[in-house]
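A.B. asks: Please see the structure below; I have some questions.
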Amino acid sequence: KLGYSQELQQRDLVKNYLLETYTSEDYFMISDTDECLDLTSSKAKFELLKRKIQKNETGVIQIPRKRFWYDFDNVWLAKRSVPLVKMEYLIKNAHKPLGDIRNANFGPCKKWELEILYEYSFCL
């Protein structure tokens with residue numbers, strides 16, 4: 001429980017920097033260190049994310065995550081999302097901790113036509 005509490009506090013340390021540095025039109029991802037976007041392997045992945053951003057009306061995009069456990073051939077089959085958040089949303093919800101925003105937008109989600117976000121938990 002202490003580790004989780006520290007993770008939430010650590011995430012929130014970046015909030016003032018985000019609010020002072022970026023415009024309301026910018027986006028940021030609230031992720032763990034082992035979660036990453038892969039937009040370099042194909043132009044189609046970049047275009048997919050761009051379309052999702054252009055269509056977004058809520059300020060939060062739930063990006064489906066493909067998770068690997070311990071090795072690259074151990075895929076976790078459940079789909080969970082990682083939130084991509086528009087700064088405008090954060091500005092309106094600045095009173096909320098980033099961990100709360102992540103937790104409210106992290107969970108089951110629909111699979112996209114391309115996988116663009118990966119998590120490598122405990123991989124070598």
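The values are calculated or read from the model by the stated rules, or taken from the named source; none is laboratory data. Since the model is a prediction, treat every value here as computed from it, not as a measurement. Cβ sites come from the backbone with ideal geometry, for glycine too, and all protein chains shown count toward neighbours. Remember, those area values only see protein heavy atoms, side chains included, never the ligands or the DNA or RNA. Shrake-Rupley method; radii C 1.70, N 1.55, O 1.52, S 1.80 Å.
A.B. asks: At 1.4 Å probe radius, can you tell me the per residue accessible area of the chain in Å²?
C.D. replies: Computed with neighbouring chains in place, this is 64 Å² per residue.
A.B. asks: Turning to a different aspect of this structure: Any idea how far apart ALA78 and LYS96 come out in nm if each label point goes 7 Å out from Cα toward Cβ?
C.D. replies: Computed distance between label sites ALA78 and LYS96 equals 2.2 nm.
A.B. asks: With +1 on each Lys and Arg Cβ and -1 on each Asp and Glu Cβ, and nothing else charged, work out how big the dipole of the chain is about its Cα centre, in Debye to the nearest 20.
C.D. replies: 460 debye
A.B. asks: Of the listed pairs LYS15/LYS66; LYS45/LYS110; LYS15/LYS86; LYS55/LYS79; LYS50/LYS86; LYS43/LYS86, which have alpha-carbon separations greater than 20 Å here?
C.D. replies: Among LYS15/LYS66; LYS45/LYS110; LYS15/LYS86; LYS55/LYS79; LYS50/LYS86; LYS43/LYS86, the Cα-Cα distance tops 20 Å for LYS15/LYS66; LYS55/LYS79; LYS43/LYS86.
A.B. asks: Assuming a ≥ b ≥ c are the square roots of the Cα gyration tensor eigenvalues, decide whether the chain counts as rounded (a/c under 1.5), prolate (otherwise, with a/b larger than b/c) or oblate.
C.D. replies: Here the chain falls in the oblate category.
A.B. asks: Can you check what the Kirkwood hydrodynamic radius comes to for the stretch 72-124, Cα pairs only, in Å to one decimal?
C.D. replies: 13.3 Å
A.B. asks: Please compute the length gained on full extension between TYR17 and LEU37, using 0.36 nm multiplied by the number of residues separating them and subtracting their Cα-Cα distance.
C.D. replies: Gain on stretching TYR17 to LEU37: 5.0 nm.
A.B. asks: By how many nm would the segment from GLN10 to CYS109 lengthen if fully extended, with 0.36 nm per residue of separation less the alpha-carbon distance?
C.D. replies: That pair, GLN10 and CYS109, stretches by 33.0 nm at full extension.
A.B. asks: Do the sum for the chain: with -39,500 (n - 2.57) for every DSSP H run of n ≥ 4, divided by all residues, what is the mean residue ellipticity at 222 nm, to the nearest 500 deg cm²/dmol?
C.D. replies: Helix contribution divided over all residues of the chain: -10000 deg cm²/dmol.
A.B. asks: Using a 1.4 Å probe on the protein heavy atoms, what percent of the accessible area of the chain belongs to carbon and sulfur?
C.D. replies: 53 percent
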